[in-house]
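To keep things clear, I will list the structure first and then write my remarks on it.
The values are calculated or read from the model by the stated rules, or taken from the named source; none is laboratory data. This is a predicted model, so every value here is computed, not measured. All Cβ positions, glycine included, derive from the backbone under ideal geometry; neighbour counts span all protein chains shown.
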Amino acid sequence: MQILRTAEQLRDFVAANPENIGFVPTMGALHDGHASLIKRCVTENKTAIVSTFVNPAQFLAGEDFEDYPKNEQNDAKIC
């Protein structure tokens, strides 16, 4: 497993692995439902990419962006 943190890293990875890439977009805080999607993606594709991006633009002022659960170690374990 590789952890990519920038758009440039992702572009380079995709360029080096262009065949049959699956994508599982999430907002992190992965759970069993995500794990099921990830397993299916892995079985159906040569390469699986899982995004755990929490987009601050999805939250209105005063909403819980700061409180949204973020646990990279647990997310990596599930992946």
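Taking the numbered list (1) hydroxyl-bearing (Ser, Thr, Tyr); (2) out of contact with any Gly (no Cβ under 8 Å at 6 or more places or on another chain); (3) surrounded by 13 or more Cβ atoms within 10 Å (Cβ to Cβ) in turn, THR52 passes all entries but (2).
Of everything in segment 7-46 that is in contact with a Cys (Cβ under 9 Å, 6 or more places away or on another chain) and over 19 Å from ASN71 (Cα atoms), the residue that is surrounded by the fewest Cβ atoms within 10 Å (Cβ to Cβ) is PHE23.
Could you say whether any residue in segment 57-78 is touching a residue at least 24 places away in the same chain (Cβ under 8 Å) and exposed (fewer than 10 other Cβ atoms within 10 Å of the Cβ)? No, there is no match, as no residue in segment 57-78 is touching a residue at least 24 places away in the same chain (Cβ under 8 Å) and exposed (fewer than 10 other Cβ atoms within 10 Å of the Cβ).
For ALA15, state whether it is in contact with a Pro (Cβ under 6 Å, 6 or more places away or on another chain), of a type in the set (Gly, Ala, Ser) and free of Cβ contacts under 8 Å to residues at least 60 places away in the same chain. Criteria not met by ALA15. Comparison of VAL14, VAL50 shows that the only residue that is in a strand (DSSP E or B) and modelled with pLDDT of 95 or more is VAL50. Of all the numbered requirements in (1) of a type in the set (A, V, I, L, M); (2) at pLDDT 95 or above; (3) assigned to a helix (DSSP H, G or I), ALA57 misses one, and that requirement is (2).
Just one of the listed residues (ILE21, ILE3, ILE38) is at pLDDT 95 or above, in contact with a Leu (Cβ under 9 Å, 6 or more places away or on another chain) and among the aliphatic types (A, V, I, L, M), and it is ILE38. Just so you know, in segment 46-71 the residues that are among the hydroxyl-bearing types (Ser, Thr, Tyr) and more than 12 Å from the chain's Cα centre (by Cα) include one that is farthest from ASP12 (Cα to Cα), and it is TYR68.
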